[in-house]
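One structure below.
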């Protein structure tokens with residue numbers, strides 16, 4: 001599977017590799033990162049290895065998956081963004097999901113918005129997806145703000161694992 005490297009003003013989005021496992025552990029072992037994700041930070045490097053393996057499997061199975069966010073100026077992994085084929089979040093249907101997660105010291109710099117917008121454009125322009133969905137905990141102000149900034153339309157709410165979430169969707173404006 002060959003993926004295009006996506007470039008923005010300040011970032012590169014590239015396929016995730018097994019070499020990213022330590023960065024995934026740093027990201028997902030931080031309890032602050034998981035406040036609105038069910039409060040389940042990873043505890044072991046093996047959990048991060050499994051997460052990376054799952055993403056690599058998505059690349060093979062679905063031809064799509066999350067991408068590593070690399071800060072151009074430092075060439076460092078700062079998080080992930082991108083699309084995935086989501087089969088578990090909404091019980092009533094499957095969909096292409098846009099998401100993002102950054103290391104805490106990169107919050108508030110506009111990187112998540114920049115990466116999410118690039119991912120959305122990639123999904124619509126390059127992959128020709130008909131629509132893309134997204135979900136965010138209703139209390140996660142930053143994530144809901146990002147989704148609105150990139151043009152996602154709020155269509156209602158649903159409950160996942162006992163938490164109320166906002167549901168967003170956007171149809172491809174290029175078709």
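Taking a ≥ b ≥ c as the square roots of the eigenvalues of the Cα gyration tensor, the range 26-92 is classed as oblate, since a/c reaches at least 1.5 and a/b does not exceed b/c.
Using C-alpha positions alone, give me the convex hull volume of the chain per residue in cubic angstrom.
Numbers: hull volume 20.3 nm³, N = 175.
Normalising the Cα hull of the chain by residue number yields 116 Å³.
Can you quote the Å³ per residue value for the convex hull of the Cα atoms in the range 110-159, rounded to an integer?
Cα-based convex hull of the range 110-159, divided per residue, equals 76 Å³.
By average Cβ neighbour count within 10 Å, what is the ranking of 77-85, 99-107, 56-64 from highest down?
Working: 77-85: 22.7, 99-107: 17.1, 56-64: 14.6.
Sorting 77-85, 99-107, 56-64 by mean packing, highest first, produces 77-85, 99-107, 56-64.
Throughout, read-outs are computed from the coordinates displayed, never taken from laboratory work. Here the structure is a predicted model, which means the values were calculated and not measured. Backbone-built Cβ (ideal geometry, glycine too); neighbour counts: all protein chains shown.
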